[in-house]
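Structure below; questions to follow.
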Amino acid sequence: MKTDEIQQIINHAYPLIQKYYGKGKLPIPPIKLSVDIYARLSGEPEARGEESETSEAQYEERDNVIYVYYPNMKDEEHVLRSLIHEYTHYLQVKDIEDREERSALFDKYKAMYDYNTDPTEIEARKNEENWEMFSRK
């Protein structure tokens, strides 16, 4: 998909997703299109890594931004599922002011679960099933 096609889907669906799921503890996160997770994290535009082909989207709590890795978006359903999934993670952020305390709790929590058994991932995947509600079709 081209970035302008993805952006059109976002422009249509993101306000609807916000209205349906509500607002979290933090301000509504903006959505930024990015070419690659490694390029974004390293600051090196050509950087690639083992997850370059599979990273679809990411909610970055520290920056309160949803990143969509546009080369890996296949179609409208894929974009919508990614938006809903990451918006769910935004909604899951707890109101803990101390970043160090929040980081320690996050690390402890993540050590208890793998991706398939993590309740936050289960909830995000379940919410993805609503993708057709936000489709332009």
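Just for the chain, what percent of DSSP beta bridges are antiparallel, to the closest 5?
Just about 50 percent of them are antiparallel.
What is the total of Lys pairs in the chain with C-alpha atoms under 22 Å apart, excluding same-chain pairs fewer than 8 positions apart?
22
DSSP loop GluC sites (Glu not before Pro) in region 38-83 with at most 10 other Cβ atoms within 10 Å of their Cβ, which ones?
Hits after loop and neighbour filter: Glu46, Glu50.
Using the Cβ atoms and a cut-off under 14 Å, what net charge is assigned to the surroundings of Met1, where Lys and Arg are +1 and Asp and Glu are -1?
With Lys, Arg at +1 and Asp, Glu at -1, the neighbours total -2.
How large, in percent, is the carbon and sulfur part of the accessible surface of the chain at a probe radius of 1.4 Å?
Carbon plus sulfur share of accessible area: 50 percent.
Per residue, how much accessible area does region 6-80 show when a 1.4 Å probe rolls over the protein heavy atoms, in square angstrom?
56
Could you work out the Kirkwood radius for the chain, taking every pair of different alpha carbons, averaging 1/r and inverting it, reported in Å?
15.7
Also: Anything in the chain that counts as a DSSP H helix reaching 15 Å or more along its axis (C-alpha) with Kyte-Doolittle mean of at least 0.5? List them, would you?
The qualifying helices: there are none.
So, one more: Could you work out the helix-only [θ] at 222 nm for the chain, with each DSSP H run of four or more residues adding -39,500 (n - 2.57) and the total divided by the number of residues, to the nearest 500 deg cm²/dmol?
After summing the helix terms and dividing by residue count, I get -15000 deg cm²/dmol.
The values are calculated or read from the model by the stated rules, or taken from the named source; none is laboratory data. This one's a predicted model, so the numbers in the text were calculated from it and none came from an experiment. Positions of Cβ are backbone-derived with ideal geometry, glycine not excepted, and every protein chain shown enters the neighbour counts. Surface areas here come from the heavy atoms of the whole protein model, side chains and all, with no ligands, DNA or RNA. Shrake-Rupley method; radii C 1.70, N 1.55, O 1.52, S 1.80 Å.
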